[in-house]
């Protein structure tokens with residue numbers, strides 16, 4: 001069986017940055033129905049295309065060698081995905097002994113979609129999510145010696161209905177929406193902001209009051225969160241109208257206050273702020289292992305390097321931080337302190353917030369099918385030609401750490 005779908009895409013102009021667009025979408029969606037990728041610094045090849053996704057249509061996770069596929073109540077998807085495994089309470093479960101089986105299932109799901117139309121930006125449809133470090137145990141036959149939380153998935157992926165691409169260089173932004181055939185009456189996987197939930201991850205941190213939240217929902221169907229006209233294209237019109245409207249100008253302006261305030265204003269020091277931007281969020285942090293145990297790990301790692309078993313080891317451990325700070329506010333603190341080329345904020349279907357910032361592209365795939373690697377370790381910035389370039393070469397080749 002196949003899943004017939006069409007892709008609708010529009011270009012648009014907006015003065016909003018990726019964070020402001022994400023915050024506007026948070027007035028219509030829960031955080032576990034969105035993802036945010038930002039690019040705030042770095043060289044031109046890295047600092048260009050933020051991406052925001054909204055409205056999941058399918059989720060997939062792997063825990064303890066069992067893949068769970070959730071069509072989020074869509075009957076058409078359920079019937080098409082039924083051959084992939086046993087259906088339990090509306091979700092499909094499928095045993096996956098190794099990574100080969102996982103990618104085989106992903107490819108079979110991909111081949112089930114018959115898509116018409118195209119997308120204006122570089123990314124229109126595909127999986128988004130995370131592969132945890134423990135995925136390595138599904139790739140290589142290694143002994144698992146570090147206990148982990150079995151409730152957390154090793155792999156968590158989501159297929160989104162809507163994608164917004166921002167082109168920071170040319171300024172030509174685009175929004176793309178996937179329409180599934182005959183599913184306009186079955187989309188029950190989303191609750192709108194009209195439902196009045198308080199702990200669902202939408203903007204509640206003093207960023208918008210309840211009055212704005214109600215106004216944003218006026219005239220929208222409580223099940224789908226948009227105008228109840230029955231036409232799928234209304235979703236794209238709704239999103240573009242939300243991004244180009246001045247109705248939330250006050251909310252967007254409020255986001256700039258955070259960026260120009262001191263870090264202490266945001267409760268990370270345990271002291272109340274002076275400008276009333278955010279409440280006080282004291283915290284405590286502690287290691288998960290003691291110093292002596294870590295030193296034993298270090299000595300053992302050096303032995304393996306000396307014996308030639310490995311050439312490099314990354315020794316790390318968890319640092320647990322206890323705080324009541326809302327995760328989204330924590331992300332805003334991170335982007336204020338450490339603006340990076342690759343920043344991300346999303347919530348897995350299991351309710352785990354994933355927040356991070358990286359200066360480095362691990363691997364990239366261009367629209368032409370070229371794979372790009374740009375590592376930082378073992379490299380040095382290109383200062384140009386002449387003596388400056390030769391000095392940089394001598395610096396790089398003369399550094400034992402970089403040569404390793």
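Here residue 141 meets the list (1) at pLDDT below 50; (2) in a loop (DSSP other than H, G, I, E, B); (3) over 21 Å from residue 60 (Cβ atoms) almost entirely, failing just condition (1).
For the range 81-97, filtering for residues that are more than 27 Å from the chain's Cα centre (by Cα) and outside any loop (DSSP other than H, G, I, E, B) leaves 5.
Of the residues making up the range 54-61, none is in contact with a helix residue (DSSP H, G or I) (Cβ under 9 Å, 6 or more places away or on another chain), buried (at least 18 other Cβ atoms within 10 Å of the Cβ) and without any contact (Cβ under 8 Å) to a residue 40 or more places away in the chain.
Any chance the range 98-120 includes a residue that's modelled with pLDDT of 90 or more, assigned to a loop (DSSP other than H, G, I, E, B) and either out of contact with any helix residue (DSSP H, G or I) (no Cβ under 7 Å at 6 or more places or on another chain) or more than 23 Å from residue 31 (Cα to Cα) (or both)? Checking the range 98-120: at least one residue is modelled with pLDDT of 90 or more, assigned to a loop (DSSP other than H, G, I, E, B) and either out of contact with any helix residue (DSSP H, G or I) (no Cβ under 7 Å at 6 or more places or on another chain) or more than 23 Å from residue 31 (Cα to Cα) (or both).
Scanning the range 352-371 for residues that are surrounded by fewer than 10 Cβ atoms within 10 Å (Cβ to Cβ) and touching a residue at least 24 places away in the same chain (Cβ under 8 Å) gives a single hit, 367.
Condition test on residue 301, is it over 26 Å from the mean Cα position of the chain (by Cα) and either outside the structural domain of residue 402 (by TED's automatic domain parsing) or in a helix (DSSP H, G or I) (or both)? Even if it seems obvious, please write down each step before you answer.
Working: over 26 Å from the mean Cα position of the chain (by Cα): yes; either outside the structural domain of residue 402 (by TED's automatic domain parsing) or in a helix (DSSP H, G or I) (or both): yes.
When the stated conditions are applied, residue 301 passes them.
No other residue among 32, 15, 44 is within 28 Å of residue 332 (Cβ to Cβ) and crowded, with 17+ Cβ neighbours inside 10 Å apart from 32. Scan the range 372-381 and tell me whether some residue there is surrounded by fewer than 14 Cβ atoms within 10 Å (Cβ to Cβ), part of a strand (DSSP E or B) and under 26 Å from the mean Cα position of the chain (by Cα). Yes. Among residues that are over 30 Å from residue 67 (Cα atoms) and loosely packed, with under 12 Cβ neighbours inside 10 Å, residue 325 is not included.
Name the residues in the range 382-393 that are outside any loop (DSSP other than H, G, I, E, B) and loosely packed, with under 10 Cβ neighbours inside 10 Å, would you? If you could, list the steps in order and put the result at the bottom.
From the range 382-393, those outside any loop (DSSP other than H, G, I, E, B) are 387-393; that's our starting set.
Across the range 382-393, the qualifying residue is only 387.
Is there a residue in the range 143-152 that is crowded, with 16+ Cβ neighbours inside 10 Å and either within 23 Å of residue 345 (Cβ to Cβ) or within 15 Å of the chain's Cα centre (by Cα) (or both)? Within the range 143-152, not a single residue is crowded, with 16+ Cβ neighbours inside 10 Å and either within 23 Å of residue 345 (Cβ to Cβ) or within 15 Å of the chain's Cα centre (by Cα) (or both).
The values are calculated or read from the model by the stated rules, or taken from the named source; none is laboratory data. A quick note: this is a predicted structure, and the numbers were derived from the prediction, not measured. Neighbour counts are summed over all protein chains in view; Cβ atoms, including those assigned to glycine, are modelled from backbone coordinates with ideal geometry.
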